[in-house]
Each structure stands twice: as structure tokens, then as C-alpha cells.
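For reference, the structure discussed in these notes is given below.
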Amino acid sequence: MQNPLPLLGVNIDHVATLRQARQINYPDPIHAALQAELAGADFITLHLREDRRHIQDNDVIQLKQLMQTKMNLELSTQQIMIDFAKKIQPYNVCLVPENRQEITTEGGLDVIRGIKQITNMCSQLLNYGINVSLFIDPDTKQIDAACETGAKAIELHSGEWANNNTQDELAILKDATAYANSKGLIVNIGHGLNYHNVKPVAAIDGITELNIGHAIIARAVFTGIQRAVSDMIQLIQTSKSTK
Ligand code: PXP
């Protein structure tokens, strides 16, 4: 039997980026999330950054009340962020590295280096009934460290695949997925995935979810969000048949 196809998490941060460019109240990321759900998104992903450059606290609070699917809240490893998550109770928190100068999340968490702090945060969140995933590079040493933290899931950073599009980069994602699955971890993948590079990644066996933001919101400018989301779902759903 074929392995199930990955689910889609739609990242709505870029709708908030457009809103914040004018510091006004539109376009509304909540509106975008609800449209993405109508088109079949399985998760809504959003990143509350320390500098609040796009998503604001109130967006997270309102979305939690209105959404029908599952919230995947990306947060840095700051205690204040963990405390915020405890109040919101998202389905999942994805712990990510954060650097104020970066344009977007540039690399994975260094779980080896931060193991003590990350383990502590995982146990706080798990004790609150919140699932945790760790955004890491596709690296066996980082996967080993992730296993020790108590997190049940990882999200592999697909930036190198997105930038270079080589068979070597694809093999790295495949091998890391198989390795993490063999250790009992749920594997999600995200960053830089778009309509042209998603299929080979979606076809990797053992992936639970893909998180995609920029490409979907960029396409939505021309097609509307519902069409942009359903076009992406169509690519994911046909990925294994055209492997
Ligand atoms: N997953 C994580 C952990 C991220 O930080 C991001 C970027 O915010 C994404 C997925 C989505 O990346 P993109 O916007 O390039 O699709």
C-alpha cells in the first residue's frame, strides 16, 4: 500500500506583512486563513516573531477563536513565547530559531547546542497538551538531539532544496525523513516550497505535513487564496502518481 500523502499547512504571515507595511487593518490574515481552510488547508501556520514584524498577538488570539482546522504556531525559544502559547493552546508549536536581521527563518534550530533549554520548553508545552515540532536542518546529529528533547515531531528545513533543486538536496531530505521516521519522529517539511519544486518533496514517503507560505500568498495576489491553495493541494495529491 502506498504511504499517505502529506497534509498542507498554509502559512499566512505574508498577508500580515502586507498589512503591516501600511500599519492599517487590511488585508486581514484571519480572512486569509478562513479562505485557505475553505479550499482544503489542513493546518494554518503562523509565526509570532519577537519583533512583531507581521503577525500580532491579537491575530493569534482571534484566529484561535475562528478557525476550524489546526493551528501550527511558530515561536522562538523564548520563555515569554512559551507562556503566550500556554494561553492560546494551539494544536502545535513549532520551535524555530529567530534572528532579528534575517528576512525569513534562515536555518534550523541548533538543538545540539540548545538541548537543555529546548528540552525544558518541550516538556512545558507537552504538559499543557500542546504538540511540539522542532524546525531543524536535515542533519542526523540534529535529529538525534531532537529525539532527546521529548518532541514527537520535527520540521525539516527545505531551503537548500528550494535554492539549488538538485538530486543531492532531495536525497538529503529523503534520507533525513527515513532516519527520523526510524527513530519514531513525525516528519514535516517546509521553507521555500513552491508550485515548481513541491512535487518531489511531497512524494517522499514518511512525510506528515508540508508548510508553505510565500508561494501560496504570492500566487493568491493573482488567483485568490482559494485557487492558490487548491492548486497546491492538487500538486501534492498527484505527487506520488508522477514520481
Ligand atoms: N516552516 C517554517 C518553520 C518557517 O519558518 C517558514 C517561513 O516562515 C515556513 C515553513 C514557510 O516558508 P515559505 O514562506 O518559504 O513557504
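Spot the failing condition for GLU98; the list is (1) closer than 30 Å to PRO200 by Cα; (2) open to solvent by 60 Å² or more (accessible area, probe 1.4 Å); (3) modelled with pLDDT under 95, and only one is missed.
Result: GLU98 fails condition (2) only.
Looking at segment 144-167, I want the residues that are within 24 Å of HIS214 (Cβ to Cβ) and open to solvent by 50 Å² or more (accessible area, probe 1.4 Å) and have a partner that is away from the ligand (no atom under 13 Å from the Cβ) and in a helix (DSSP H, G or I) with Cβ atoms under 8 Å, at least 6 apart or on another chain. Which pairs are those?
Qualifying pairs under 8 Å: GLU160/GLU169; GLU160/ILE172.
I'm checking my understanding of the structure. Among residues of segment 181-210 that are within 17 Å of the chain's Cα centre (by Cα) and under 25 Å from GLN124 (Cβ atoms), which one is most open to solvent (accessible area, probe 1.4 Å)?
Taking the candidates together, the pick is ILE186.
Name the single residue, out of those in segment 211-243 being farther than 16 Å from ALA39 by Cα and basic (Lys, Arg), that is least open to solvent (accessible area, probe 1.4 Å).
My answer is LYS240.
Is it the case that some residue within segment 70-79 is part of a loop (DSSP other than H, G, I, E, B) and open to solvent by 70 Å² or more (accessible area, probe 1.4 Å)? Walk me through it before giving the result.
Taking segment 70-79 and keeping what is part of a loop (DSSP other than H, G, I, E, B), we get 76-78.
With open to solvent by 70 Å² or more (accessible area, probe 1.4 Å) added as a condition, the list becomes 78.
Yes.
ALA145 - would you say it is part of a helix (DSSP H, G or I), more than 14 Å from the ligand (Cβ to nearest atom) and over 15 Å from ILE204 (Cβ atoms)? Step through it out loud before you land on a result.
Values: part of a helix (DSSP H, G or I): yes; more than 14 Å from the ligand (Cβ to nearest atom): yes; over 15 Å from ILE204 (Cβ atoms): yes.
For ALA145, the condition - part of a helix (DSSP H, G or I), more than 14 Å from the ligand (Cβ to nearest atom) and over 15 Å from ILE204 (Cβ atoms) - is met.
Tell me yes or no: at least one residue of segment 47-60 is part of a strand (DSSP E or B) and within 14 Å of the ligand (Cβ to nearest atom).
Here is the first cut: in segment 47-60, the ones part of a strand (DSSP E or B) are 47.
Filter once more, so that each one left must be within 14 Å of the ligand (Cβ to nearest atom): 47.
Yes, there is a match, as at least one residue in segment 47-60 is part of a strand (DSSP E or B) and within 14 Å of the ligand (Cβ to nearest atom).
Just to be sure, is ILE236 more than 13 Å from the ligand (Cβ to nearest atom) and touching a helix residue (DSSP H, G or I) at 6+ places or on another chain (Cβ under 6 Å)? Reasoning before the result, please.
Working: more than 13 Å from the ligand (Cβ to nearest atom): yes; touching a helix residue (DSSP H, G or I) at 6+ places or on another chain (Cβ under 6 Å): yes.
The answer is yes for ILE236.
Just checking, which of ALA41, ALA33 is hydrophobic (A, V, I, L, M, F, W, C), surrounded by 22 or more Cβ atoms within 10 Å (Cβ to Cβ), part of a loop (DSSP other than H, G, I, E, B) and more than 12 Å from the ligand (Cβ to nearest atom)? If you could, list the steps in order and put the result at the bottom.
Details: ALA33 fails: part of a loop (DSSP other than H, G, I, E, B).
Just one listed residue meets the conditions, ALA41.
The values are calculated or read from the model by the stated rules, or taken from the named source; none is laboratory data. Fair warning: this is a prediction, and the values are worked out from it, not measured in the lab. No Cβ is skipped: glycine too gets one built from the backbone with ideal geometry, and neighbour counts run over all protein chains shown. Calculation scope for accessible area: heavy atoms of the full protein, side chains included, ligands and nucleic acids excluded. Shrake-Rupley method; radii C 1.70, N 1.55, O 1.52, S 1.80 Å.
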